[in-house]
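Here the structure is laid out as structure tokens; the discussion comes afterwards.
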Amino acid sequence: MDKPDREQRHRHRMQRKKEVVDKAIARADKEQGLLLILTGNGKGKSSSAFGMVARALGHGMQAGVAQFIKGRSDTGEEAFFRRQDGVTWHVLGEGFTWETQNLARDIETAQRGWAIVRAMLQDPSLHLVVLDELTYPLKFGWLDLTTILNDLKNRPPMQHVVITGRAAPEALCEAADTVTEMQDSKHAFRAGITAQKGIDL
Ligand code: ATP
Ligand code: MG
């Protein structure tokens with residue numbers, strides 16, 4: 001194929017593509033608070049959620065973060081976002097279940113945590129709420145899914161909520177607007193490399 005012909009075909013193809021994309025963009029004209037789920041076994045769930053917190057702050061929006069299960073207290077995101085105006089940061093878990101080894105206390109901690117989340121879900125001044133690792137207290141039955149779905153449904157109409165954690169329950173994904181499943185194709189941990197600052201924490 002000679003060069004001018006190839007360029008012309010490319011131009012036509014791109015033109016057609018632009019028409020399709022422009023039509024799709026014109027169709028998507030609704031404004032709405034979104035519920036996003038970041039789940040799956042691959043890396044990138046929490047860091048993606050914190051990326052959205054950074055985006056929101058960049059627009060002068062207010063964000064609330066609740067971390068449900070926390071294995072460590074020295075993460076870069078916590079250190080960074082606690083220094084920013086416009087973010088409220090709550091650590092609601094006491095650590096992993098195999099560390100606390102006290103079921104009644106885990107349930108009580110999770111439920112006390114949800115009361116704090118509920119207050120955020122009733123606060124229209126919060127434009128974005130991140131519920132990091134919420135799927136674990138759900139999976140362990142420490143929180144009632146119906147209550148959570150109800151509180152999410154009754155939040156301010158323009159408030160965005162991002163939920164992270166492996167094995168998100170089906171009913172939660174059904175209620176969501178955007179669901180992303182991180183796929184674990186490879187992880188450095190399996191090659192014996194420990195969690196790296198700036199990447200994993
Ligand atoms: P990140 O916070 O890096 O976005 P994540 O939220 O997707 O990760 P979690 O299940 O919350 O993943 O686990 C948090 C920690 O475990 C991070 O240090 C992350 O790098 C690591 N991790 C995530 N996925 C895997 C995996 N498939 N194998 C081993 N370690 C993982
Ligand atoms: Mg995570």
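Observations on the model:
- Of the candidates ASP29, ASP5, ASP22, the single residue that is without any contact (Cβ under 8 Å) to a residue 24 or more places away in the chain, surrounded by 10 or more Cβ atoms within 10 Å (Cβ to Cβ) and acidic (Asp, Glu) is ASP22.
- Within the stretch 145-179, restricting attention to residues that are assigned to a strand (DSSP E or B) and surrounded by 15 or more Cβ atoms within 10 Å (Cβ to Cβ), the residue that is nearest to ligand 2 (Cβ to nearest atom) is THR164.
- Residues in the stretch 180-201 that are more than 30 Å from MET120 (Cα to Cα) and outside any loop (DSSP other than H, G, I, E, B) were compared, and the one that is nearest to ligand 1 (Cβ to nearest atom) is PHE189.
- Test: residue in the stretch 15-25 that is in a loop (DSSP other than H, G, I, E, B) and over 13 Å from the mean Cα position of the chain (by Cα): no
- Checking GLY64 against (1) free of Cβ contacts under 8 Å to residues at least 60 places away in the same chain; (2) assigned to a strand (DSSP E or B); (3) buried (at least 18 other Cβ atoms within 10 Å of the Cβ), the condition it does not meet: (1)
- Options GLY165, GLY198; residue that is modelled with pLDDT of 95 or more, closer than 26 Å to GLY86 by Cα and touching a strand residue (DSSP E or B) at 6+ places or on another chain (Cβ under 7 Å): GLY165
- Selection from the stretch 116-144 of residues that are part of a helix (DSSP H, G or I), touching a helix residue (DSSP H, G or I) at 6+ places or on another chain (Cβ under 6 Å) and modelled with pLDDT of 95 or more: ARG118
- If you check LEU134, LEU149 for being within 16 Å of ligand 1 (Cβ to nearest atom) and in the same structural domain as PHE68 (by TED's automatic domain parsing), only one passes: LEU134.
- Filter pass, LEU138 being hydrophobic (A, V, I, L, M, F, W, C), touching a Pro at 6+ places or on another chain (Cβ under 9 Å) and within 16 Å of ligand 2 (Cβ to nearest atom): yes
- Test: residue in the stretch 39-47 that is in a loop (DSSP other than H, G, I, E, B), more than 9 Å from ligand 1 (Cβ to nearest atom) and surrounded by fewer than 20 Cβ atoms within 10 Å (Cβ to Cβ): no
The values are calculated or read from the model by the stated rules, or taken from the named source; none is laboratory data. As the structure is a prediction and not an experimental result, all values here were calculated from the model. Counting neighbours? That spans all protein chains shown, and the Cβs are built from the backbone with ideal geometry, glycine included.
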